[in-house]
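Report on the structure given below.
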Amino acid sequence: MSIEEEDTLSLSARALVEKLEKFMVSKGGNLLPSVKLKGDGGGYYYSASDKSFVYVDKNSELYLLPWKRDEKGRLYLYSPYTFKQGMIILAEEDDIILLGFN
């Protein structure tokens, strides 16, 4: 591998990291707190982005969004489950464990 190939790879990796970091902060630049869903396995949660119920693994990487609760009092959670797109789900506050900032 030449030096030029190494530089290209590091630039691509840096660009990917910078893109992923943008998903983990609010519009104001504040980090989003990391959360987890209580329990084992998975469950079905309403996806605001897909407008349908989706299966979510309760050990998934999730972030609490700083938005007002919906009309049923549920909180909005963001899941960056792929590099190209994310998913926003709604969950009851009692179903959420706050992990903090990782």
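So the values come out like this:
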| item | result |
| --- | --- |
| Extension gain, ASP94 back to LEU31 (0.36 nm per residue minus Cα-Cα distance, nm) | 20.5 nm |
| For the stretch 68-75, Karplus couplings with θ = phi - 60° (6.51, -1.76, 1.60), whole Hz, Gly/Pro x | 5, 5, 6, 5, 9, x, 7, 9 |
| Karplus-derived 3J(HN,Hα), 6.51/-1.76/1.60, for each residue of the stretch 44-58, Hz, glycine and proline x | 9, 10, 6, 9, 5, 6, 9, 6, 7, 7, 10, 7, 10, 5, 5 |
| Sequence-distant residues sharing a close amide H with GLY42 (under 5 Å, placed H) | LYS58 |
| Amide H partners (placed H, <5 Å) of ILE96, local residues excluded | LYS38 |
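Quick note: the coordinates plus some simple rules give every number you see, no bench work behind them. Since the structure is predicted, the reported quantities are computational estimates derived from the model, not experimental observations.
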